Amino acid sequence: MTRAALFDGLRFFSKTSIKRVVNIVKLYSSYQVTRLLRKPIQWGLPMSIAFEPTTACNLRCPECPSGLRSFTRETGNLKKDFFRQSIDSFYDTLSYLIFYFQGEPYINPDFLEMVAYASRKRIYTITSTNGHFLNNENAAKTVESGLDRLIISIDGTTQETYEQYRKEGKLESVLQGARNVVEARRQAKSKTPYIVFQFLVVKPNEHQIHEVQELADQIGVDEVKFKTAQVYDYSNGNPLIPTIEKYSRYKMQSDGTYTVKHALVNRCWKMWHSCVVTWDGVVVPCCFDKDAEHKLGDLKQASLKQVWHSPQYNDFRSQLLIGRQEIDICANCSEGCKVWAN
């Protein structure tokens, strides 16, 4: 473990309160009791929430609803007043906050102001960006906001490879953005944010796995994370499916077709400790419900506690316990398929 990673872990634990620890214990205990009784028991509140800053994006990535402009739900930006009101009602049990679902967070003009508000509540904050908006000004504001972890998507070490997935993206803009944040952090004499290069491994870029690690070291990025790619149309193969088995979510069967590599079990820890809130306040089960088809509540009409413990939410958990394979968003789930590297 590097010194930066150690500090990142210590920073997370430094923001933990007794109330948050008690909440985590409640969540984990209720999850284990659920597994034993085979019926949904929920004693806590989410320890992790993903808030969606926006559904808009500047890129055209082929396996992303934002990039494909294929949403059936409306496009919009999270409003800072609604965000503050929501956070005020449950920040004391919330351990970490992810500013990402769909879209590019930095497109929302109030994004970093909301990060700063959450930071003042001593919540560990994370965001994921395609890196095209990290100019000198935004880099400095990112450091000033108190953001704890910055994930920058970099899916190639040459423009030719990068643009095969990150359509309309400019690799040099991403690399310069990373340099800007590293420099802004140095000038502020800050150890945050912890900077991660996230490399989505697909067939066109799998030969550059070692190169991206070297690139991260040259720039001063703290960690490289390799992630498996979700492919919507995979049954008959797909040019994005990598040939390196450990980085693929799919495996070829004897008849030449493909299936998801990991069998689904009728349980899911995410349904007991986290949820996603869209830019307009709709609560959905997890990040796989990209078009918000499984609406479990609305924070504009009810509190998080009311939504989290509602019959509708428990019905969804019950369905998962009985037949997870029957839930569309679970069919292509990546749980257990991620690969990490330093």
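The values are calculated or read from the model by the stated rules, or taken from the named source; none is laboratory data. Quick caveat, the model's predicted, so the values are computed rather than measured. Cβ sites come from the backbone with ideal geometry, for glycine too, and all protein chains shown count toward neighbours. Side chains included, ligands, DNA and RNA excluded: accessible areas come from the protein's heavy atoms. Shrake-Rupley method; radii C 1.70, N 1.55, O 1.52, S 1.80 Å.
Condition first: under 30 Å from Leu94 (Cβ atoms), touching a residue at least 40 places away in the same chain (Cβ under 8 Å) and of a type in the set (Phe, Trp, Tyr). Can you find one or more residues in region 234-252 that meet it? Looking for residues that are under 30 Å from Leu94 (Cβ atoms), touching a residue at least 40 places away in the same chain (Cβ under 8 Å) and of a type in the set (Phe, Trp, Tyr), one finds none in region 234-252, hence no. For Gly169, the requirement of being of a type in the set (Gly, Ala, Ser), surrounded by 23 or more Cβ atoms within 10 Å (Cβ to Cβ), over 17 Å from Asp8 (Cα atoms) and modelled with pLDDT of 95 or more is not met. For the structure I just gave you, tell me whether Pro193 is open to solvent by less than 10 Å² (accessible area, probe 1.4 Å) and touching a helix residue (DSSP H, G or I) at 6+ places or on another chain (Cβ under 8 Å). Yes, satisfied.
Under the condition of being open to solvent by 50 Å² or more (accessible area, probe 1.4 Å) and not hydrophobic (A, V, I, L, M, F, W, C), the residues counted in region 262-280 number 4.
Being free of Cβ contacts under 8 Å to residues at least 40 places away in the same chain and not in a helix (DSSP H, G or I) is true for just one of Lys189, Lys203. Which residue is that?
Lys189
The condition of being exposed (fewer than 13 other Cβ atoms within 10 Å of the Cβ), among the polar types (S, T, N, Q) and closer than 21 Å to Ala331 by Cβ holds for only one of Gln253, Gln218, Gln230, that being Gln253. For region 114-142, the candidate set comprises residues that are in a helix (DSSP H, G or I), touching a Ser or Thr at 6+ places or on another chain (Cβ under 8 Å) and not β-branched (Val, Ile, Thr); within that set, the residue that is surrounded by the fewest Cβ atoms within 10 Å (Cβ to Cβ) is Ala116.
Being touching a helix residue (DSSP H, G or I) at 6+ places or on another chain (Cβ under 6 Å), more than 20 Å from Trp43 (Cβ to Cβ) and modelled with pLDDT of 95 or more: is that true of Leu299 here? For Leu299, the condition - touching a helix residue (DSSP H, G or I) at 6+ places or on another chain (Cβ under 6 Å), more than 20 Å from Trp43 (Cβ to Cβ) and modelled with pLDDT of 95 or more - is met.
Those strands (runs of 3 or more DSSP E) of region 215-294 in which at least 3 residues are farther than 22 Å from Cys61 by Cα, considering only elements entirely within it, cover 274-277, 282-284.
Can you pull out every residue in region 147-161 that is farther than 17 Å from Cys57 by Cα and either in contact with a strand residue (DSSP E or B) (Cβ under 7 Å, 6 or more places away or on another chain) or not in a loop (DSSP other than H, G, I, E, B) (or both)? Steps first, please.
The initial filter retains those residues of region 147-161 that are farther than 17 Å from Cys57 by Cα, namely 147-150, 156-161.
Result: Leu147, Asp148, Arg149, Leu150, Gln159, Glu160, Thr161.
Just one of the listed residues (Gln187, Gln164, Gln159, Gln208) is in contact with a Phe, Trp or Tyr (Cβ under 9 Å, 6 or more places away or on another chain), more than 17 Å from Glu104 (Cβ to Cβ) and either open to solvent by less than 60 Å² (accessible area, probe 1.4 Å) or not β-branched (Val, Ile, Thr) (or both), and it is Gln208. Would you check if Leu240 is farther than 18 Å from Val174 by Cα, of a type outside the set (Gly, Ala, Ser) and within 21 Å of the chain's Cα centre (by Cα)? In short, yes. Looking only at residues of region 1-59 that are free of Cβ contacts under 8 Å to residues at least 60 places away in the same chain and basic (Lys, Arg), we find that the one that is surrounded by the fewest Cβ atoms within 10 Å (Cβ to Cβ) is Arg3. Please determine, by comparing only the residues of region 281-315 that are farther than 24 Å from Gln230 by Cβ and acidic (Asp, Glu), which one is most open to solvent (accessible area, probe 1.4 Å). Going through the qualifying residues, I end up with Asp315. Can you spot a residue in region 67-74 that is in contact (Cβ under 8 Å) with a residue 60 or more places away in the chain, aliphatic (A, V, I, L, M) and open to solvent by 30 Å² or more (accessible area, probe 1.4 Å)? Checking region 67-74: not a single residue is in contact (Cβ under 8 Å) with a residue 60 or more places away in the chain, aliphatic (A, V, I, L, M) and open to solvent by 30 Å² or more (accessible area, probe 1.4 Å).
Of the set (1) open to solvent by 30 Å² or more (accessible area, probe 1.4 Å); (2) more than 22 Å from the chain's Cα centre (by Cα), all apply to Asn180 but (1).
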